[in-house]
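The values are calculated or read from the model by the stated rules, or taken from the named source; none is laboratory data. Because the structure is predicted, anything quoted here is derived from the model rather than measured. Here the Cβ is made from the backbone with ideal geometry for all residues, glycine too, and neighbour counts use every protein chain on show. Each accessible area value is taken on the protein alone, full model and side chains, heavy atoms only, with ligands, DNA and RNA left out. Shrake-Rupley method; radii C 1.70, N 1.55, O 1.52, S 1.80 Å.
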Amino acid sequence: MGSVLEITDTEFEKEVFSEDKPVLVYFWAGWCGPCRLVSPSIDWVANTYSDRLKVVKLEVDANPDAVAKCKVEGVPALRLFKDKELVKSYEGAIGKQQLQTLVDGCLN
């Protein structure tokens, strides 16, 4: 089973761009209500797709470099990278079914 890896600005390049499989980056904040609603779905994706997808999360307030690099304007936010390229971007609360559709579209 996979799990969500919590990373920081200093680990971003290595954890996201040095990976062979696609990487879903989840930007969140402790003060964000919608983030608390989305987190279980992020955990579900990490467990369900662990063989094909790496899932990492960054807390926005503590990691301004990654936030700027990924042009995050609000949380929760998702960025999906494949072969070091940004292939999907999403901001706002997202349901489990919608998240599954987003991930499936990028992995197939």
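Given a cut-off of under 8 Å on Cα pairs at least six residues apart, what relative contact order in percent is computed for segment 1-85?
Rounded, it is 49 percent for segment 1-85.
Using helices alone, I'd like the mean residue ellipticity at 222 nm for the chain: each DSSP H run of four-plus residues gives -39500 (n - 2.57), total over residue count, nearest 500.
-10000 deg cm²/dmol
Under 12 Å between alpha carbons: how many lysine pairs meet that in the chain, if sequence neighbours fewer than 8 apart on the same chain are excluded?
Here the count comes out as 5.
Please figure out what share of the DSSP beta bridges in the chain is antiparallel and state it in percent, rounded to the nearest 5.
If I count the DSSP bridges inside the chain, around 60 percent turn out antiparallel.
Cysteines of the chain lacking any other cysteine beta carbon under 4.7 Å?
Lacking a cysteine Cβ partner under 4.7 Å: Cys70, Cys106.
Could you give the length gained by full extension between Ser18 and Ala68, i.e. 0.36 nm per residue of separation minus their alpha carbon distance, to one decimal place?
Length difference between fully extended and current span is 16.1 nm.
So for Tyr26, Tyr90, what's the accessible-area order with a 1.4 Å probe, most first?
Result of the area sort, largest leading: Tyr90, Tyr26.
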